């Protein structure tokens, strides 16, 4: 069992405990339970040499496929891991001024987010991603994806591409209107990730369409 200290905002657990948890549910879900970002949790795993499921692992397991786990390797460092979280205060009066200002901004009708009607004035990241994905052959699930600089982290079927581009175009423009930086970064796993910097916090964004492979019998 992990130990949680509510006063110190800390969680203490062993490498084996974190390894088991990482392979029992997606990183974003697990990180949310600990009050940290999935990027932050991934960095902890790297620091303590804890292997994590690769891309497509959860989709395959949900489809009934048996995917082997990467064994937990030996580690010369400490076995105890301390996770520090930073929960959002429940009392609005105690929120940081930057957060309170953002809340007031979102309340204004003129700042309401409306889906982009078309792609004629699409954001440069959308245009670049559209060009790259047009050259990619679909995988066994019918989805197209690619890993490249200036390419958004999108994995959808070809029939869903236009809707995906409209959604991401709306999201990117809304973020930039709010002063949030949208960027594509080369992560510690040598994968290109879409990140949005919201009030100093890096948030990973991925648009992933679930698919199921049906094999004729």
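Odds and ends about this structure:
- Residue within the stretch 1-10 that is at pLDDT 85 or above and not assigned by TED's automatic domain parsing to the domain that holds residue 203 present: no
- Residues that are closer than 19 Å to residue 197 by Cα and modelled with pLDDT under 80 were ranked within the stretch 13-35; the one that is surrounded by the most Cβ atoms within 10 Å (Cβ to Cβ) is 35.
- Matching residues, the stretch 136-178, being without any contact (Cβ under 8 Å) to a residue 24 or more places away in the chain, over 30 Å from residue 102 (Cβ atoms) and touching a strand residue (DSSP E or B) at 6+ places or on another chain (Cβ under 8 Å): 136, 137, 138, 144, 145, 158
- Given (1) outside any helix (DSSP H, G or I); (2) surrounded by 13 or more Cβ atoms within 10 Å (Cβ to Cβ), index of the condition residue 77 fails: (2)
- Evaluating residue 211 against the criteria (1) outside any loop (DSSP other than H, G, I, E, B); (2) in contact with a strand residue (DSSP E or B) (Cβ under 7 Å, 6 or more places away or on another chain) leaves one unmet condition, (1).
- The residues of the stretch 42-66 that are without any contact (Cβ under 8 Å) to a residue 40 or more places away in the chain, over 19 Å from residue 186 (Cβ atoms) and part of a helix (DSSP H, G or I), listed by number, are 44, 57, 58, 60, 61.
Yes/no per residue for (1) crowded, with 17+ Cβ neighbours inside 10 Å; (2) in contact with a helix residue (DSSP H, G or I) (Cβ under 9 Å, 6 or more places away or on another chain):
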site	(1), (2)
98	no, no
146	no, yes
152	yes, yes
207	yes, yes
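- Conditions (1) at pLDDT 85 or above; (2) more than 26 Å from residue 16 (Cβ to Cβ): number failed by residue 93: (1)
The values are calculated or read from the model by the stated rules, or taken from the named source; none is laboratory data. Note that the structure is a prediction, hence the values are computed from the model and not measured. Here Cβ is always computed from backbone atoms with ideal geometry, including for glycine, and neighbour counts include all displayed protein chains.
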